[in-house]
1. Report the extension gain between L126 and N244 in nm, rounded to one decimal, defined as 0.36 nm multiplied by the number of residues separating them, less their alpha carbon distance.
2. What does the charge dipole of segment 45-154 about its Cα centre add up to, to the nearest 20 debye, if the Cβ of each Lys and Arg holds +1 and the Cβ of each Asp and Glu holds -1?
3. What number, in percent, do you get for the relative contact order of segment 24-236 if the mean sequence gap of Cα pairs under 8 Å and at least 6 apart is divided by its residue count?
4. What are the radius of gyration and Dmax of segment 22-96, computed over its Cα atoms and given in Å?
5. Which GluC sites (Glu not before Pro) in segment 117-221 pass both tests, a DSSP loop state and at most 16 other beta-carbon atoms within 10 Å?
6. Rg (Å, one decimal) plus Dmax (Å, integer) for the alpha carbons of segment 24-236?
7. By how many nm would the segment from E178 to A161 grow when fully extended, if each residue of separation counts as 0.36 nm and the alpha-carbon distance is taken off?
8. Run the dipole for the chain about the Cα centre, Lys and Arg Cβ at +1, Asp and Glu Cβ at -1, nothing else charged, and hand back the magnitude in debye, nearest 20.
Amino acid sequence: MASIASQVILHPTVSKSLKYGSTTVGRDKAYRALQYFARFYAWYLLSRGERDLSARWNSLKSHLAIARKLLRLGKPMEHLQAAIRACLSTANPVEQVATIGRQLGYFGYLTLDAVVWANTIRFVTLKPETATKVTTFSNRFWLTGVLFSIANGVAKNSRLALETKKLQHGSNEIDLSEKAGRETRLSAVSAARNQTRQQLLIDMLDLWIPATNTGLTNLNDGVLGAFGLITSVLGAHQQWAAVNGK
């Protein structure tokens, strides 16, 4: 019995899960997936008339949202640093501008989100109308960041597609070392392109959440919960690969 327990507890998957959960990003992705599942499931239960059970899942969604705001308290400075690094880089001009816009958008969003969190836990007290304005501006910054991220993804994907085409149709009259180098570069570009496409998918689904929060669209919690769950799982997969390798 002890042998079976040790095999389960010490299983490589359990060890990788603990390693994943030890990172702040890993925990945030897990909490986000559960939060948006709860949002979807609460909507589903309410549509079936199960109000009490729906309220339980809605409460879980709300408390996970508050917990995630606490986890992200240091994130605005990370995005501000990334914006400054992008200003100093020599990247493609379109990608550079889009990256700066994305980072500044997320900086504004997460900074105001921290104010929302402080008001929610009554650490600071804002007038109801002020709290509403802060939340609205926070979501506008979020929407701006996502739009710039989409623009960056489109520009980057176009550049990588052009580079892939050049590598695939390059001259065949080259020595073996140059051919190996071209194949290595092609593999790297292909991996970068796949990652860019996945981020584009995440952004295009996430876009609807702040768009709805700001009143630009009117999607229900079922749709937004499903979108959020999908992007959370995709983001969690990226973080898992970063922590544990593919």
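We did not get these values from a lab; they are worked out from the coordinates using the rules stated. Since this is a predicted model, take the numbers as computed values, not measurements. Methodologically, a virtual Cβ is constructed for each residue, glycine included, from the backbone with ideal geometry; neighbour enumeration extends over all protein chains shown.
1. Values: separation 118, 0.36 × 118 = 42.48 nm, distance 4.28 nm.
Computed gain between L126 and N244 is 38.2 nm.
2. Numbers: 14 positive and 6 negative charges, 61 e Å.
Roughly 300 debye for segment 45-154.
3. On the way: 240 pairs, mean separation 60.5, N = 213.
Reported as a whole number, the value is 28 percent.
4. 18.4, 57
5. Values: sites: E129, E163, E173, E178, E183; in loops: E173.
Qualifying residues, ordered by number: E173.
6. For segment 24-236, the Cα-based Rg and Dmax read 20.9, 72 Å.
7. 4.0 nm
8. On the way: 30 positive and 15 negative charges, 77 e Å.
For the chain, the charge dipole is close to 360 debye.
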